[in-house]
Every structure is written in structure tokens, then in C-alpha cells.
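Let me begin by presenting the structure, written as C-alpha cells, before commenting on it.
Every number here is computed from the coordinates shown, using simple stated rules; none is lab data. The model shown is predicted, which means the values in this text are computed figures rather than measured ones. No Cβ is skipped: glycine too gets one built from the backbone with ideal geometry, and neighbour counts run over all protein chains shown.
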Amino acid sequence: MRKLELHWQILLGMASGVVFGYLVTSWSGGKDFVSDWVAPVGTIFINLLKLIAIPLILASLVKGISDLKDISKFKNIGFRTIGMYIFTTIIAISVGLGLVNLIEPGKGLPQATINQMVSTYTDNSEISGKISEAHHQKESGPLDFVVDIVPDNIFAAMSDNGSMLQVIFFAILLGICLLLISEEKAKPLKIFFDSLNEVILKMVDVIMLTAPFAVFALLANVVVSADNPEILEKLLFYTLTVILGLILMVAVYLLILYIVTKRSPFSFIPKIAPAQLLAFSTSSSAATLPVTMERVSEHVGVDEEVSSFVLPVGATINMDGTSLYQAVAAVFIAQALKFPLDFTQQLTIVFTALLASIGSAAVPGAGMVMLVIVLESIGFPSDRLAVGLALIFAVDRPLDMCRTVVNVTGDAVVATVVGKSVGLLHPPIEKRLKKTYR
Ligand code: ASP
């Protein structure tokens, strides 16, 4: 019997997790059962993925760069990647702004609902935590972002998953210098990183064997910790606006993909589907990164010289789903709390959301921290920030799951497009296998 493809297995795990979560909430003690006995399986899986993220970035990037025949190619890849990331993020924010102004989900929100949200969530410690985290980030100087990319201790950088850009910087420097020394001296290190890269890609395969069980646990836990569905219904228009924007964004990606590479979306999506499903289940593009790298290089066929740079950089700085969400959320809050926004303020949202997506961490809930910065940039009164966040807090987790899928899809599409544009996009896996066995 043919084995079910990985993405179907994961989908099955997710669906059973949701059903199990719903069934369990009707028992007394069901919620505690899930958090004590089921949720840890999901946490272990996320830890395993995070465990291999840094070694994978280091090994694949050093290998990728040291395999380059010509350094100027790397400069090309770098400029195209950053250009594409900025371009797609601006499209995402514009789609979000266009939809929220068209649908106006905040206008009809009844005062009673606003009062209910505010009384339920304003004193929530998570909201005050996000506001103070945003203020802390805002205090840094304009060039601190660049200074932070250069680590003063590579072992310290490698011991922190939040320092991915520092590890990328070190790997690029190491890869370039390997190209600059004699071949004979470079060879042992190249062989070492090559072998490390292979081993870690194999680890991704092994870890992914447990993915269907892990997503079961992750989704069951999401269901049992979800808010009261009645509140979710009241925010239906806002939720639908964000989801519609995210769907449109995926359509934009697939169009760009088709125009540049002539690859059909129907063959592309199943190849990256396991990464998308994990992004949905974990709400973290950083945790999903090893799987995204494996799918894009081995299944889609993007050469590692491209994917090893474009994807880790994308996971840290390219968050189109998050920036689209920030645009919709900021305008929704302004509409609901009757804070009129003129054209310049909407333009400010575009720039701040662009910078915020670069600065957001690739972890669950990071988008909400940056939303505080976006709201402040348009002059939203700081004493009402907690009220604004309270309005959207109930649906943040499900929307976080959806926007993370778009963040990961955007990275995968840009990697494929950049690969094609520099002549480093190979045929997809089924064509390569056919060639080998013919
Ligand atoms: N969870 C998102 C990510 O990891 C970031 C966010 O939008 O909160 O990509």
C-alpha cells in the first residue's frame, strides 16, 4: 500500500487534535489532562526543531557560500533577496490597508462588545507585558539594529535562538574567507560543514516522522486553551478581514512564482505544505525554519547556495503575514475606538509596519508587540493602548497561526524566485528522481 504523503499525515494529526481538544473540554479536568499529558509532546517537538535550527543555518550557509564559484553571485543573491522582501512586504501592508478601509470591520462594533472586551482583557498581564516589551524595543537607537547583527562572541550568539542574524553574519564571513584561502587548506573545513549539513538535514527527516503526533498535541492544546467562542463571533468581521487579506497575499505569491518561474502553484504548494502546516501548528517561523529549508532545497529544487541564505534571513526579517495583520489591526482599533486616521497616518502605518516586520521576532505573539509601535507611530494615545490591544486579544492566537503560514510561504516563494533569477533553481524532486532512475 502506498504510504500517505507527509502533508496528509500532518493534516490528519491536526484534525484529530482539534476533535480531541473539543471532546476533552466537555470533561471536568479535561483541560488539565491536555496541558499535563498531551501538550508536552508538542513542546518537545518544537524544542527538537529549534535545537537543530542554529547548526543547520551555520552548516548550510558555510557550505552554500564556500561552494560558490564566484563571490559576486552572492552579492547578487543578497540584493535580490532584500529587494524582494521589501517589495512583498509593501504589497502585504497595502492589501491589509485596502481591505480594512473597504470592509471597515471596526465601525459597526457595538459599544457593549467594546466594554466587554475591555473589562475582560485590559488588566491581562500578557497585554501589559507586550506594551512594556514594545517600549523597551523602541528605546534602542536607529543603528542598534545593524550593531546587533555583529556578535562579539559567536558561542554566545549560537547559544541563543533569538540571535539568528548574528549566526548568519558569522557564517557568511566564514564562508567567504574559506573561498579566499588556498583550496588545500580550505578542504578539511569544507568537508566538515558539508557532512554536518547532511547529518542535520537527515535529523529534519527523522524529527518529521513524529510530526503527525506533535501537531495533534499542539492543536489539542490550542483548542483547550481557546477563549470563549462567543467573543470570537463578535470579532468575526475583523477576523475575516485579516484572513481574506492573508489568502489574497498567498494568491499574490503564487502569481509572482508563476510569472517568474513558470511553476504551477498546484505542484509547488504540496512540496512546501508540511512547512506551512507546521507554521500553523507552532505559530513560529523560527521553529519551522529547518523544515522550510529542507522542503525548499530538497523538494522544490532551490540550490542550497540560495536557500541557505534567503530562508534564515527571511525567517527573521520577512514577515508579510505579520505586517498585513498589523495594518488591519491598527486601523480596526482606530475605527472601533473612534480615532480618525488621515492619509498621512495610513502612510505612516506602511513604513512603521515594514520596519516592524523586520524587527519582529519569529516567535508566537511577536506581531502584537510590534503593533504597539505601529499604534504609537500614528499618535494613538498611550493611555489607551491596553484598551486597543484588549479589543483584538481574544483572536490573536488563531490569527497568529494563520499569519505565520503566510510568513513561511513568503520566504519559500522568494527563495524560489531568487533561485530562478540567478540560475540556481533545479528541477523539482520528482523530475530529479526520474532522471536518476532512468
Ligand atoms: N508568529 C509569527 C512568526 O513567528 C510572528 C507574529 O506574527 O507574531 O512568524
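Stokes-Einstein, applied to the Kirkwood radius of the stretch 118-224 over Cα pairs at a viscosity of 1.306 mPa s and 10 °C, places its translational diffusion at 85 µm² s⁻¹.
Estimate the FRET efficiency between Ile259 and Lys73 by the formula 1/(1 + (r/R0)^6), using the beta-carbon distance for r and 30 Å for R0, to the nearest 0.05. The pair Ile259/Lys73 has a calculated efficiency of 0.85. Among Leu68, Leu278, Leu102, the largest mean-square fluctuation in a Gaussian network model of the chain (Cα springs under 10 Å) belongs to Leu102.
Apply 1/(1 + (r/R0)^6) to the Cβ-Cβ distance of Glu198 and Leu355, taking R0 = 41 Å, and write down the FRET efficiency to the nearest 0.05. Walk me through the numbers before you get to the answer.
Working: r = 38 Å, r/R0 = 0.92.
Approximately 0.65, to the nearest 0.05.
For the stretch 1-38, the list of trypsin sites (Lys or Arg not before Pro) that fall in a loop by DSSP and count at most 10 other C-beta atoms within 10 angstrom reads Arg2, Lys3. By the gyration tensor of its Cα atoms, with a ≥ b ≥ c the square roots of the eigenvalues, what is the shape of the stretch 32-127: rounded for a/c under 1.5, prolate for a/b over b/c, or oblate? Cα axes put the stretch 32-127 in the oblate bin. Only helices reaching 27 angstrom along their own axis (Cα) with mean Kyte-Doolittle hydropathy no lower than 0.0 count here, and for the DSSP H runs of the chain these are 6-25, 39-66, 71-103, 183-208, 236-261, 396-421.
For the chain, the Stokes-Einstein estimate of translational diffusion at 10 °C and a viscosity of 1.306 mPa s comes to 70 µm²/s, using the Kirkwood hydrodynamic radius over alpha-carbon pairs.
Estimated from helical segments only, the mean residue ellipticity of the chain at 222 nm is -25500 deg cm²/dmol, where each DSSP H run of four or more residues counts as -39500 (n - 2.57).
Straight-line reach from Lys107: taking Cα to Cα under 18 Å and skipping same-chain neighbours fewer than 8 places apart, the aspartates and glutamates in range are Glu233, Asp342. Starting from the Cα gyration tensor of the stretch 306-404, take the square roots of the eigenvalues, sort them a ≥ b ≥ c, and report rounded, prolate or oblate (rounded when a/c is under 1.5, otherwise prolate if a/b is larger than b/c, else oblate). Since a/c reaches 1.5 and a/b is larger than b/c, the shape of the stretch 306-404 is classed as prolate.
Looking at the stretch 287-396, which trypsin sites (Lys or Arg not before Pro) are in a loop (DSSP not H, G, I, E or B) and have at most 15 other Cβ atoms within 10 Å? Spell out each step's value before the answer.
Working: sites: Arg295, Lys338, Arg384; in loops: Lys338.
Sparse-neighbourhood loop trypsin sites (Lys or Arg not before Pro): Lys338.
Just Val147, Val24, Val417 to compare: in a GNM of the chain, with alpha carbon springs under 10 Å, which one fluctuates most? Between Val147, Val24, Val417, it is Val147 that shows the largest mean-square fluctuation. Computed over the alpha-carbon pairs of the stretch 181-314, the distance histogram in 10 Å steps reads 10, 30, 31, 19, 7, 2, 1 percent, short to long. Relative contact order of the chain, taken over Cα pairs closer than 8 Å and 6 or more residues apart, is 31 percent.
Sparse packing (at most 10 other Cβ atoms within 10 Å of the Cβ) combined with a DSSP loop state is found for the following GluC sites (Glu not before Pro) in the stretch 77-148: Glu139.
Under 20 Å of direct C-alpha separation, and excluding same-chain neighbours fewer than eight residues apart, Lys420 reaches these aspartates and glutamates: Asp67, Asp70, Glu294, Glu298, Asp303, Glu304, Glu305, Asp411, Glu430.
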